[in-house]
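The values are calculated or read from the model by the stated rules, or taken from the named source; none is laboratory data. No experiment lies behind these values; they were computed from the predicted model shown. Neighbour counts run over all protein chains shown; Cβ positions are idealised from the backbone, glycine included.
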């Protein structure tokens, strides 16, 4: 590859990330409704055709922002799991980190879980950043637990519900710690009766 081609690839990668960053900043300050190709073109000082050479529309931009978000979420969950005050019980630290992430980065969380994207969850086509975030929950359960992925799915689902319902004032934010305590207690309780899986 020639030096000119390498430089063009670097410039393209820089432009790509610049657009993602601008979309995220605009969403964080004004909401996702404000993120349009026209506004982004003005913000990054490129024409709309240049934007479309990177992304084929808003959903593609949201997907790119979401992927960045999953990379950040994974890092935050991993840090929480590895530095949990009680090394034998990392689940509480990971759950708290997840809820904090959703609260501190609402626009990013919307891109990851609420807005339309072309990202595939729970499939062979799941991008590595999504799988890595999920694995942080899986890693909170003992390796000999054959249902640890199911436990991780239920945990993530419950946390997502708590995050969205609190963010939209459907449930009081003040009760999050009590809800989290209840969730952890239920997940740690031994199963009652026969299991089907």
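Of the residues 124, 152, the single one that is assigned to a helix (DSSP H, G or I) and under 21 Å from residue 71 (Cβ atoms) is 152. Could you tell me which of the residues 159, 115 is farther than 21 Å from residue 81 by Cβ, surrounded by 16 or more Cβ atoms within 10 Å (Cβ to Cβ) and outside the structural domain of residue 27 (by TED's automatic domain parsing)? Criteria check complete, one pass: 115.
Taking the stated definitions as given, is residue 65 assigned by TED's automatic domain parsing to the domain that holds residue 110, surrounded by 13 or more Cβ atoms within 10 Å (Cβ to Cβ) and under 22 Å from the mean Cα position of the chain (by Cα)? When the stated conditions are applied, residue 65 passes them.
Scanning region 29-47 for residues that are surrounded by 14 or more Cβ atoms within 10 Å (Cβ to Cβ) and in contact (Cβ under 8 Å) with a residue 40 or more places away in the chain yields a count of 1. Summed over region 5-38, residues that are closer than 19 Å to residue 68 by Cβ and part of a helix (DSSP H, G or I) total 23. Taking the listed residues 142, 116, the one that is touching a residue at least 12 places away in the same chain (Cβ under 8 Å) and not in a helix (DSSP H, G or I) is 116, with no other qualifying.
When you look at residue 129, is it within 30 Å of residue 26 (Cβ to Cβ), under 15 Å from the mean Cα position of the chain (by Cα) and loosely packed, with under 12 Cβ neighbours inside 10 Å, yes or no? In short, no.
Taking region 48-60, which residues are exposed (fewer than 12 other Cβ atoms within 10 Å of the Cβ) and within 18 Å of residue 8 (Cβ to Cβ)? Reasoning before the result, please.
Taking region 48-60 and keeping what is exposed (fewer than 12 other Cβ atoms within 10 Å of the Cβ), we get 49, 56-57.
49, the sole residue that qualifies.
If we scan region 4-17, do we find a residue that is surrounded by fewer than 18 Cβ atoms within 10 Å (Cβ to Cβ) and touching a helix residue (DSSP H, G or I) at 6+ places or on another chain (Cβ under 6 Å)? Checked region 4-17: at least one residue is surrounded by fewer than 18 Cβ atoms within 10 Å (Cβ to Cβ) and touching a helix residue (DSSP H, G or I) at 6+ places or on another chain (Cβ under 6 Å).
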